[in-house]
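Please treat every number below as a calculation from the coordinates, not as lab data. On a predicted model such as this, the values are computed, not experimentally measured, just so you know. With ideal geometry, Cβ positions are generated from the backbone for all residues, glycine too; neighbour counts draw on all protein chains shown.
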Amino acid sequence: MSYSIACAPCCWGVESSDNPHNPNWMTVLSETRLGRFSGTELGPYGFLPLDADTVNTALYVKELEICAGTIFEPLSEPGSYEDIINKTKRLCDFLQKVGCEKLVVIDCVNDIRSRYAGMPDQAPRLDAERWAHMMSTVRDIAEIAKRHEIRTVVHPHAGGYIEYQDEIDLMLADLPSENVGLCLDTGHLYYATMDPAKSLIEYADRLEYVHFKDVNQHRLQRAIKDQVGFWQACADGVMCPLGEGAVDYDEVARALESIGYHGWITIEQERDPRHSDTTLPDIKKSRQFLVEKGLIQ
């Protein structure tokens with residue numbers, strides 16, 4: 001089975017729109033096309049200009065499409081709620097104009113949980129009140145997206161409050177399928193001590209979008225031992241090109257085929273944006289790996 005393959009700005013180290021070390025957004029689109037990808041995620045709010053005419057022109061020139069937008073915010077913080085909702089409204093209006101039908105919602109990395117990324121037994125959990133607020137915020141995001149004919153998928157992410165299996169299960173129980181779907185990331189699943197292939201099968205009835213990522217086992221173990229935090233681990237190279245890490249992509253490919261998945265797959269590899277000159281060769285390696293695995297042509 002051959003899938004539509006996209007890339008994402010995090011491969012260039014773009015995790016926020018205000019990092020002075022970020023590459024130019026047109027560089028990201030150009031290198032995405034040079035890497036022979038057919039789609040890209042929008043990246044963090046404000047990285048690409050939220051002007052549909054400007055972006056549609058660039059996408060036409062680069063022969064790309066936007067496969068997903070992202071809300072990467074502190075979903076459990078009551079003080080951030082108004083800002084999150086305002087961003088969601090503007091982003092969904094933009095996504096509708098560029099023909100994108102998917103919104104990825106992530107509880108962003110925070111200082112408390114980041115040190116416990118990859119440590120499910122030690123990581124502190126939200127109390128019931130803040131968890132309920134986070135779920136209510138996701139429902140409101142999803143309702144806004146639905147009014148724009150956009151489907152919301154929640155992405156469990158290392159260093160946030162939706163990361164481990166118990167949190168995924170609780171989130172899916174609180175947010176039924178009419179509210180949201182699920183985006184699973186092979187690298188974040190592995191980071192969270194879950195089996196990526198088995199998880200794709202286990203959550204198949206909610207799975208609507210997939211990220212591919214690979215993890216350097218030695219650097220992961222060192223990051224967990226030293227509790228350096230998720231972003232420092234990424235800067236230290238914990239994420240690597242597909243096929244060079246610990247994720248078993250033969251099993252992942254079999255899992256996707258067994259559940260009949262046929263949506264987008266987006267390749268990601270977080271890094272420090274100051275190292276973005278290494279991105280193009282890395283995403284080419286990852287794409288070639290998928291060709292060799294028969295996942296794309």
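Between 128, 235, 145, which gets the highest mean-square fluctuation from a Gaussian network model of the chain, Cα cutoff 10 Å? With Cα springs under 10 Å in the chain, the top fluctuation among 128, 235, 145 is at 128. Charge tally around residue 122: other residues with Cβ under 13 Å, Lys/Arg +1 each, Asp/Glu -1 each, net +2. Rounded to the nearest 500, the 222 nm mean residue ellipticity of the chain from helices alone is -12500 deg cm²/dmol, with -39,500 (n - 2.57) taken per DSSP H run of at least 4 residues.
Have a look at the DSSP beta bridges in segment 159-271 and tell me what percent are antiparallel, nearest 5.
Restricted to segment 159-271, the bridges split so that about 20 percent are antiparallel.
For the chain, the dipole from Cβ point charges (+1 on Lys and Arg, -1 on Asp and Glu) about the Cα centre works out to 640 debye, to the nearest 20. Computed from backbone phi, the HN-Hα couplings of segment 44-51 come to x, 3, x, 5, 7, x, 8, 10 Hz, rounded to whole numbers (Karplus: 6.51 cos²θ - 1.76 cosθ + 1.60, θ = phi - 60°; Gly and Pro given as x).
Just to be sure I understand: with springs between alpha-carbon atoms less than 10 Å apart, which residue in 107, 174, 166 has the highest mean-square fluctuation in the Gaussian network model of the chain? Highest fluctuation of the listed residues: 166. Sites listed here are GluC sites (Glu not before Pro) in segment 115-201 whose DSSP assignment is loop and whose Cβ has at most 12 other Cβ atoms within 10 Å: 149, 178.
Between the amide H of residue 185 and those of 211, distances stay under 5 Å, these residues lying 5 or more places away or on another chain, with hydrogens modeled in the peptide plane. Cross-link pairs exceeding 23 Å in C-alpha to C-alpha distance, out of 62/102; 62/285; 225/285; 213/293; 97/285, comprise 225/285; 97/285.
Taking other residues whose beta carbon is less than 9 angstrom from the beta carbon of residue 52, and scoring Lys, Arg as +1 and Asp, Glu as -1, yields -2. Apply the Debye scattering formula to segment 78-139, with a single equal point scatterer on each alpha-carbon and no solvent, then give log10 I(q)/I(0) at q = 0.15, 0.16, 0.18, 0.26 Å⁻¹. The Debye formula, applied to the Cα set alone, gives -0.63, -0.70, -0.82, -1.17.
Work from the charge dipole of segment 176-218 (Cβ charges, +1 for Lys and Arg, -1 for Asp and Glu, about the Cα centre) and give the residue of 193, 203, 180 farthest towards its positive end. Positive-end residue among those listed: 193. Note on the chain: GNM, Cα springs under 10 Å; of 32, 54, 137, the largest mean-square fluctuation is that of 54. Report the antiparallel proportion of the DSSP beta bridges in the chain as a percent, rounded to a multiple of 5. Taking every DSSP beta bridge with both residues in the chain, the antiparallel ones total about 5 percent.
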